[in-house]
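Report on the structure given below.
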Amino acid sequence: MQIRRFHTPDLTASSETLLLPPAEANHALRVLRLGKGDRLQLMNGRGIIADAEIMDLGDSRRPKEAPCRILSLREIAPPAHPLTLCVAPPRGKAFDLVLKAAVELGISAIQPILCEYGVARPEDASDSWQETLVAAMKQSSNPFLPLLLPPMEFSKALESSSGEAGLFGASPAAEATAFQRLTPQTANSIARVWVGPEGGFAPQEEEALLKAGAIPVTLGRCVLRVETAVPALLGCIYGVANLCNDGAEHA
């Protein structure tokens, strides 16, 4: 049976009934044409998932509200080692692929960074980015919605991360650390993953990352697009650390 998932930020551990948010109610009633007794799954994005059913919609032929009765509820522990993704947004829809991969791989926070070689200069795309994250959360059944931070200049983002162990995707170079040399202990200590624009980090940006103690890593001779580098780097880190979606359930 198909599981229909809905984002309900107001869901708590003590909830017994709940109204779907307007946009989610519209999708449930108008698009999916759900009605009384239909089952659905509610997610608050903070680790609580509930199985529910739609209650009586009243006599209206076009109801606008979708009241739900909670049937069962479970709380899921957050990841023991949260990761923040600091990434230079690529142009257009490519960043949607980055956001979806971040959700599916269990990233806790996303910090868009503005780099010297960056081609995209997002001004106010946070609403559409947030919608992409919510859709990916529901599709992947990740109980945790990543925190989306406002875009920040690279230097300020690095300054704000002082003291956190990091790893950054470097252009193919002999001095970059190979993943085979990463130990589980090192991988477990990583708190931030830095991915630059398609042109790579500028020399002074790489120098600043190295001075901050970040580990340079390359995946091979080829230069990767941002939307390729992000899941590749995260997948390798989780593989070494054995932390992939720690504490989360899978669909």
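Only the Cβ atoms of Lys and Arg (+1) and of Asp and Glu (-1) were treated as charged; on that basis the dipole of region 106-153 about its Cα centre amounts to roughly 260 debye.
Per-residue ellipticity at 222 nm, computed for the chain from helices alone with -39500 (n - 2.57) per DSSP H run of at least four residues, works out to -8000 deg cm²/dmol. For Met152 and Asp56, what does the FRET efficiency come to when R0 = 35 Å and r is the distance between their Cβ atoms, rounded to the nearest 0.05? With a Förster radius of 35 Å, E is 0.15. Largest GNM mean-square fluctuation across Arg62, Arg91, Arg74, computed for the chain with C-alpha springs under 10 Å, falls on Arg62. Taking the Cβ of Ala157 as the center, what net charge do the other residues with Cβ under 14 Å away carry, scoring Lys and Arg +1 and Asp and Glu -1? My count for the surroundings of Ala157 gives -3. Of the solvent-accessible surface of region 1-82, computed with a 1.4 Å probe over protein heavy atoms with every protein chain present, carbon and sulfur atoms account for 48 percent.
Counting only protein heavy atoms and a 1.4 Å probe, region 20-65 has 59 square angstrom of accessible area per residue. At a Förster radius of 41 Å, what calculated FRET efficiency corresponds to the Cβ-Cβ distance of Thr183 and Arg74, to the nearest 0.05? Efficiency for this residue pair is about 0.75. Under a 10 Å cutoff between Cα atoms, tell me which one of Ser108, Ser14, Ser155 has the largest fluctuation in the Gaussian network model of the chain. Comparing Ser108, Ser14, Ser155 in a Gaussian network model of the chain, the most mobile one is Ser14. Dipole magnitude for the chain: computed about the Cα centre from +1 point charges on Lys and Arg Cβ and -1 point charges on Asp and Glu Cβ, it is near 680 debye.
The values are calculated or read from the model by the stated rules, or taken from the named source; none is laboratory data. What you are looking at is a predicted structure, and each value in this text was computed from that prediction instead of being measured. For neighbour counting, all protein chains shown are included, and Cβ atoms are generated from backbone atoms with ideal geometry for every residue, glycine included. We work out accessible area using only protein heavy atoms, side chains counted, and drop any ligands, DNA or RNA first. Shrake-Rupley method; radii C 1.70, N 1.55, O 1.52, S 1.80 Å.
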